Each structure stands twice: as structure tokens, then as C-alpha cells.
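Visitor: Dropping the structure in here first, questions after.
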Amino acid sequence: MLSYDLNKMLYIIPADKHSPGDVSSILNAHPEVKFVSLVGIDIGGHDTDEKIPVEEFLADMEKFLKNGVQTDGSSVVLPKIAKLNNAKVDIIPDTTVNWFVDHNFNYPDPMTGLPVGTLRIPSSLIHNDSERVGSRVILRDAIKNFKEDLMDLLRENPYVFEYLDIDSVDDIEKLVITAATELEFWVKTPDDDADREQLSTAQMLKEQYWKRTTGPVRTALEEVMLVLQKYGFNMEMGHKEVGGVKAKLGNSGNYDHVMEQLEIDWKYSSAIQAADNENQVKYVVRDIFRTYGLEVTFMAKPVEGVAGNGEHTHMGVAAKLKDGRMVNLFSPADLENEFLSPVGFGALMGLLKNYDVINPFVSSTNDSLNRLKPGYEAPVCTVTSLGHSAKMPSRNRTVLVGLVREIGNTMATRFELRSPNPKSNTYLVLAASYMAMLDGIKEALEHSKTPADLEKSISKAYGEKDFYLDTDRIYRSEKDVFDEYTEKERDEFFGKAPRTVWENIKAFDENPEKLDIFKRDDVMTDITLDSYREAIRAQWATELHDRIIPDTMDFVRACSKAHDDMDCVDYDRHYWEKIQRLRNQLGRDTLDEMCLLTRIKKALDRGDYDQASDMQIEMQAKVEELMNLYIIYKKNLF
């Protein structure tokens with residue numbers, strides 16, 4: 001257990017306490033906070049962390065708050081924007097959100113006995129003094145645009161108030177955008193890897209799901225929940241997820257072979273605050289579990305063949321009225337007979353119709369697409385489920401966008417985007433999603449559609465024309481889309497899911513008209529979209545070339561011959577011949593033919609990304625086959 005007095009520690013400086021006088025008073029009362037860091041988020045979702053001594057910050061606070069600090073384009077991911085010959089980037093503090101204290105639990109301050117802290121201030125990135133860039137800025141501008149345009153749409157289409165618990169647009173004081181994420185992660189003891197078959201069996205038997213935690217995992221999880229509560233995150237629950245195997249108590253009295261999947265949830269916030277909160281939550285989780293000798297991974301698919309880590313992202317829209325009431329704009333006035341209001345239906349349809357160009361912001365890494373494969377409750381089909389009737393809300397866990405509703409609680413109505421993972425850039429996921437929702441709302445309201453009209457639209461059959469949705473698509477299914485449709489039907493009805501990062505990012509080129517939804521009022525400019533596209537392409541190609549291919553080669557070498565030719569059976573020789581053939585295809589060049597791994601590297605070197613992507617898919621299939629064959633082969637040996 002942490003030995004620090006949690007009640008004496010500083011956790012946040014709230015948004016209403018950012019005057020120089022308030023900040024000075026708070027920091028002077030907490031001498032254990034030794035540093036200040038301005039946290040800018042680049043286009044790739046990476047955050048900055050520079051250590052400014054508190055004394056330096058306090059001595060010139062107004063200058064820091066106004067002008068921030070400078071870096072250059074080589075320090076952040078802003079391709080095509082911050083170039084080597086024009087690389088000046090400023091990191092400017094955001095005074096409208098909470099500032100967090102990041103505690104170093106391994107370093108107690110000698111004077112106070114509390115962990116040394118760094119005040120992390122979420123910040124905006126500015127290039128060339130005027131061009132605001134980076135993920136936080138894009139989300140900020142997207143939310144501003146969404147609110148302004150939605151208010152105009154409500155004003156211009158007053159019919160919509162027949163289906164809302166509001167009399168007119170004049171009753172609205174302001175719009176409130178809410179978001180929340182659920183965080184899944186794996187914890188393990190270093191250098192321990194559980195058998196994949198054991199993990200898969202435990203998952204099928206649901207031996208871990210929502211079970212009681214024990215040992216250091218229990219202590220760390222409880223400590224995480226208590227510390228995050230101190231930050232004011234309003235923790236809702238922490239529990240075991242489906243993945244993992246039972247830890248073992250060693251002879252030393254310590255648990256070893258820990259391999260468990262956990263989830264923690266906390267309450268919603270405004271969109272930007274929700275994304276900032278998530279960043280801080282991850283730091284706290286990692287730091288506390290490490291104090292117990294446990295590694296944490298937020299990878300989307302840390303173990304092949306076993307459930308990955310999702311980060312379901314919840315999105316809602318409400319109106320604060322002048323009389324003080326809050327009204328959910330997605331909820332219909334008649335909650336028992338209608339699923340959604342016209343605003344809600346329009347938002348859902350916008351998400352689904354435009355998901356081709358939202359997906360590159362959601363799944364931008366090799367790891368993310370390793371998770372998004374049929375099965376394991378990973379959403380690969382662009383489809384939603386409303387429920388079998390408005391009176392009986394249901395949750396179909398096989399769809400991309402879930403509709404969350406509670407009869408009797410209008411404020412609960414929201415959308416759950418199920419495809420993000422813990423390494424998705426939540427700032428850009430939310431920005432892209434809300435801009436897509438705005439597109440659907442605009443079309444629904446400008447066509448004066450009722451809830452009944454829109455339910456019919458979203459429930460349309462394949463080949464049926466619609467005022468907004470694509471003809472050759474199905475957008476709603478109450479079925480299990482993995483079990484009740486064939487792969488061919490899923491690809492035809494819901495669109496073929498991208499299998500590589502390159503296939504995903506090509507959606508920008510294949511759907512240029514859909515990119516216009518992001519460009520409204522310059523929320524994302526052409527240079528912003530080009531910068532993001534280049535950042536993701538370069539990341540994919542570099543990781544494939546310099547990490548995945550060498551790691552795959554290491555795996556191929558590790559699948560070595562394990563039997564003695566003088567002490568084996570025909571079964572062993574049969575499987576070894578299959579294994580050796582795959583090893584050669586994957587990793588051994590001859591004078592006449594290059595192996596698959598070499599051909600992928602050559603394709604990347606010459607910029608033939610279509611071919612490299614196709615061969616990456618072939619490589620993944622062969623590695624999976626090799627892995628399964630080697631497991632069978634090794635298990636037969638004495």
C-alpha cells in the first residue's frame with residue numbers, strides 16, 4: 001500500500017483557479033510540487049512533457065501563461081506543417097480546463113514526505129504564431145463548430161421541438177457536449193507470458209470475467225481507484241475483464257505468473273476535459289501498478305488469439321435551458337414509443353454513413369487492426385442496433401455503434417462507439433465523430449424528418465434508396481453479425497473492413513466528398529488532413545519495416561527443430577516439414593527468390609504501399625499458421 005497521506009496531496013488545480021494569484025497560493029502551499037509541464041498533443045496523439053522548475057514558473061507566470069514555451073517541428077508529429085525550414089512551434093497553456101498533478105510515487109519529497117509532483121497543464125500547439133495545430137485544438141474547434149451549427153439548425157427547423165422536451169430554441173441557454181471513455185488494460189509480471197491456449201480456454205470458460213481480484217492486482221486496482229477518486233474523476237467501477245489466467249503464489253510468498261485483464265470506468269465530462277482526463281488516468285494506472293512490480297499495457301491486442309483492449313467511447317448532446325433544466329437532445333419526448341429524437345437519429349446516421357473517414361482516426365496503428373477481427377466482441381461491421389422495441393432497450397455487443405438507453409431516464413441516451421482502443425487518439429476520435437454527427441443532423445432536420453421517418457431510413461433494406469444513407473448498405477441489425485451473417489454477407493451489407501493501416505488511410509482518397517464534413521469552418525484544413533495522413537502512413541511503414549518484420553524474423557527463428565531424428569515419430573516429422581516450409585517462405589532468401597519478409601521491406605523502400613499492405617496480410621496469415629503448427633508440434637514431444 002502507498003505510504004503517503006493521500007489527503008495531504010494536491011491532485012488538480014481546477015479551471016476556476018487559474019489566476020496567477022490562485023495558482024501561486026496553491027503551489028506555495030504544496031512544496032512537494034517541484035515542476036510544471038506544458039502538455040501539448042500533436043497530430044499523432046503524443047504529448048509533450050518538459051520539466052520547468054516551479055520557482056521559474058512562479059517568477060514569470062504571466063509570461064508562461066500567455067506565451068508558453070517553444071519547441072521545434074522535430075520534437076512533435078506535425079508533418080507538412082512544422083518543416084525543418086519552418087519548425088517553430090509554441091506550446092500555450094489552456095486555462096479553461098483542469099490542470100493535473102502527476103505524482104512520482106518512487107520519489108518522496110524530503111521536506112513533506114509526499115511524492116514529488118509535476119503540474120501538468122494541457123496546452124495548445126501553435127505554429128507560425130497563428131496556425132493552431134494539434135489534436136486538442138482540432139477537438140476544441142470541432143466542438144465549437146458543432147454547437148454553433150446545431151443551434152442554427154434548431155432555430156431554422158422549429159418542427160424538431162415537437163419531438164423534444166423543449167418548447168423552442170429561445171428556451172436554450174447553451175448546448176453541452178458530453179463524452180466518456182472506458183479503459184481496458186492488461187497487467188502482468190515482467191518476463192512472464194501465459195500459454196495462449198490457457199488464456200483462450202480461460203476466456204471461453206469466462207473464468208476471469210468480473211471475478212474477485214487477488215494479491216498485488218487487487219491492491220494496485222483498489223489503490224488506483226482511491227487515487228483517481230481524489231482527482232475528482234468520479235470513479236464508477238473497476239473489475240476484471242474477460243482475458244487472463246489465475247495467478248500463482250510462489251514459494252517466496254509472492255504472486256508470479258500474473259496475466260490479467262482489467263477495466264476501470266469513470267463519469268463523463270465535456271469532450272476536451274474527457275480526453276484530458278483519460279491521459280491522466282493512464283499515467284496513474286501505469287505508475288501505481290509498477291510500484292507493485294506489475295507491467296501495464298494499453299495495447300489493443302497484446303496477446304494474439306485472446307480478447308484485446310477496447311476503449312468504448314460514449315458521446316452525448318444536451319441543452320441547458322434558461323430555467324436550469326438539462327434536456328438530452330438525443331432522447332425523444334416519447335421515450336417508450338420512439339428510440340431517438342430527430343437530432344439523435346440524424347447524429348447516429350451521420351456516424352454510420354461517414355465512418356469510412358472516421359475510422360482512420362480511430363484505428364491508426366498495426367496493433368489496433370490486430371484487434372478488429374471477427375469474434376472477441378470486436379466491432380468490424382459498420383452497423384448499429386436500436387433494440388427490438390423502444391420499450392425494451394437492448395445492447396447488441398457485435399455492432400459498431402451501440403445505442404444506450406434507459407426507460408425513465410432521458411439523460412442516459414447516448415451513443416457508444418465500440419471500435420476505439422486505449423491508444424486511439426481520443427481528441428481526434430471525438431472531433432471526427434461529432435463533425436460526422438453534425439452532417440447527419442443537418443440532413444435529417446433540413447428534410448424535416450420525424451422519428452418514424454428516420455427509424456425507417458436507418459432500418460432500410462440492402463438496395464433500398466434513402467434520402468441520405470447509401471443505397472447498397474444495411475445500417476441496422478438486431479442480429480449477432482458474426483454468427484448470423486457469412487463473411488461474404490458482412491462485406492456486402494456493411495462494407496469491407498480495412499485489414500491494414502494503409503487500407504484504412506486510403507479511405508481519405510477514396511471518399512474525398514466525405515472529408516468535406518471535417519472541413520466545415522476550417523475545423524480540419526487540407527493541410528491538417530494531409531499532415532495526419534502522412535503521419536499515420538509514416539508510422540505504419542516504419543513500424544512494419546523496422547519492428548514488425550524483425551520481430552517476425554525472431555519468431556521464425558524461435559520455431560526451431562525440437563525433436564531428435566533418432567527418437568521421434570512420423571507425426572513429428574510430418575509437422576516439422578510443414579513448419580520448415582513456412583519458415584523458409586517467411587524468412588529465408590535464395591539466389592532465385594526472396595522471402596516474404598524481404599519482399600515487404602523492398603516494397604516499402606520503393607514506396608509501393610499497396611503491395612506492401614497486401615503482403616502484410618499474407619505475412620499475418622502465415623505467421624498465424626506457423627504459430628498454430630508449432631504449438632501442435634511441441635505438444636507431441638516428450
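Values in this text are rule-based calculations from the coordinates and carry no lab data. All values derive from a computational prediction rather than experimental measurement. FYI the Cβ positions are ideal-geometry reconstructions off the backbone, even for glycines, and counts take in every protein chain you see.
Visitor: Please give the Cα centre distance for the stretch 307-354 versus the stretch 489-537, rounded to the nearest Å.
Guide: If we compute the Cα centre of each part, the gap is 24 Å.
Visitor: In debye, nearest 20, what is the charge dipole magnitude of the stretch 537-635 about its Cα centre with +1 on Lys and Arg Cβ and -1 on Asp and Glu Cβ, if you could check?
Guide: Numbers: 16 positive and 20 negative charges, 29 e Å.
My answer is approximately 140 debye.
Visitor: Suppose each label sits 7 Å from its Cα in the direction of the beta carbon; what would the ASN104-GLN70 distance come out to in nanometres?
Guide: Going by the 7 Å Cα→Cβ label model, 2.8 nm.
Visitor: Set Lys and Arg Cβ to +1 and Asp and Glu Cβ to -1, take the dipole of the chain about its Cα centre, and tell me which of ILE43, TYR11, ASN67 lies farthest positive.
Guide: Positive-most Cα among the choices belongs to TYR11.
Visitor: With labels modelled as points extended 7 Å from the Cα through the Cβ direction, what inter-label distance (nm, one decimal) is found for ALA87 paired with TYR571?
Guide: Calculated label separation equals 6.1 nm.
Visitor: Which distance in Å, rounded to a whole number, links the C-alpha centroids of the stretch 568-638 and the stretch 114-128?
Guide: 46
Visitor: Just want the answer: with Cβ charges of +1 for Lys and Arg and -1 for Asp and Glu, which residue in PRO122, ALA179, THR598 is farthest toward the dipole's positive end in the chain?
Guide: THR598
Visitor: Let me ask something else. Under the rule of -39500 (n - 2.57) per DSSP H run of 4 or more residues, summed and divided by the residues of the chain, what mean residue ellipticity at 222 nm is obtained, to the nearest 500 deg cm²/dmol?
Guide: That comes out to -12000 deg cm²/dmol.
Visitor: Label-point separation (nm) for ASP530 and GLU446, each offset 7 Å from Cα along Cα-to-Cβ?
Guide: 2.8
Visitor: Within the stretch 61-91, list the residues whose amide N lies under 14 Å from a label point set 7 Å along Cα→Cβ of GLN539.
Guide: What the label zone holds, given the 14 Å backbone N cut-off, is 76-79.
Visitor: While we're on this one: Can you work out the FRET efficiency for the pair ARG218 and LYS282, with r the C-beta to C-beta distance and R0 = 25 Å, to the nearest 0.05? Let's see the in-between values first.
Guide: Numbers: r = 20 Å, r/R0 = 0.81.
The pair ARG218/LYS282 has a calculated efficiency of 0.80.
Visitor: Does the stretch 427-506 come out rounded, prolate or oblate, given a ≥ b ≥ c as the square roots of the eigenvalues of its C-alpha gyration tensor, rounded meaning a/c under 1.5 and, failing that, prolate meaning a/b above b/c?
Guide: Oblate.
Visitor: What residue among THR542, LEU586, VAL362 has its Cα farthest toward the positive end of the dipole of the chain, where the charges are +1 on Lys, Arg and -1 on Asp, Glu, each on the Cβ?
Guide: So the residue furthest toward the plus end is LEU586.
Visitor: While we're here: What length, rounded to one decimal in nm, is gained on full extension from ASN628 through to LYS144, with 0.36 nm per residue of separation minus their alpha-carbon distance?
Guide: 169.1 nm
Visitor: Go ahead and run the numbers for FRET between GLU513 and ASP592, Cβ-Cβ distance against an R0 of 45 Å, rounding to 0.05.
Guide: 0.45
Visitor: Now for a separate question. So how much slack lies between LYS51 and SER24, counting 0.36 nm per residue of separation and subtracting their Cα-Cα distance, in nm?
Guide: That works out to 8.0 nm of additional length.
Visitor: While we're on this one: By how many nm would the segment from ASP522 to MET237 lengthen if fully extended, with 0.36 nm per residue of separation less the alpha-carbon distance?
Guide: Gain on stretching ASP522 to MET237: 98.7 nm.
Visitor: To continue, here is another question. Cross-link candidates for LYS267: which lysines have Cα within less than 25 Å, leaving aside residues fewer than 8 places away along the same chain?
Guide: Of all the lysines, those that pass the test against LYS267 - Cα under 25 Å, at least 8 places apart if same chain - are LYS8, LYS17, LYS144, LYS147, LYS174, LYS211, LYS230, LYS240, LYS282, LYS320, LYS322, LYS423.
Visitor: Assigning unit charges at the beta carbon (Lys, Arg +1; Asp, Glu -1) and nothing else, what dipole magnitude in debye, to the nearest 20, does the chain show about its Cα centre?
Guide: Using Cβ point charges on Lys, Arg, Asp and Glu, the chain gives about 760 debye.
Visitor: Can you list, bin by bin at 10 Å, the percent of alpha carbon pairs in the stretch 43-141, starting at 0?
Guide: It works out to 14, 42, 30, 12, 2, in whole percents.
Visitor: Can you work out the FRET efficiency for the pair PHE638 and ASP551, with r the C-beta to C-beta distance and R0 = 45 Å, to the nearest 0.05?
Guide: Taking R0 as 45 Å, the efficiency between PHE638 and ASP551 is 0.90.
Visitor: Looking at the stretch 6-127 only, what percent of DSSP beta bridges run antiparallel? Nearest 5 please. Please report the intermediate quantities before stating the final value.
Guide: Values: 21 of 28 bridges.
The antiparallel fraction comes to roughly 75 percent.
Visitor: On the first, second and third principal axes, largest extent first, how far apart are the outermost C-alpha atoms of the stretch 572-638 in Å?
Guide: 47, 25, 12
Visitor: A further question on this structure: Treating the Cα atoms of the chain as identical point scatterers in vacuum, please give the log10 of the normalised Debye intensity I(q)/I(0) at q = 0.08, 0.09, 0.11 Å⁻¹, two decimals.
Guide: The computed values of log10 I(q)/I(0) come out as -0.65, -0.83, -1.23.
Visitor: Order of PHE555, PHE100 from fewest to most other C-beta atoms within 10 Å?
Guide: Ordered from fewest to most neighbouring Cβ atoms within 10 Å, PHE555, PHE100 come out as PHE555, PHE100.
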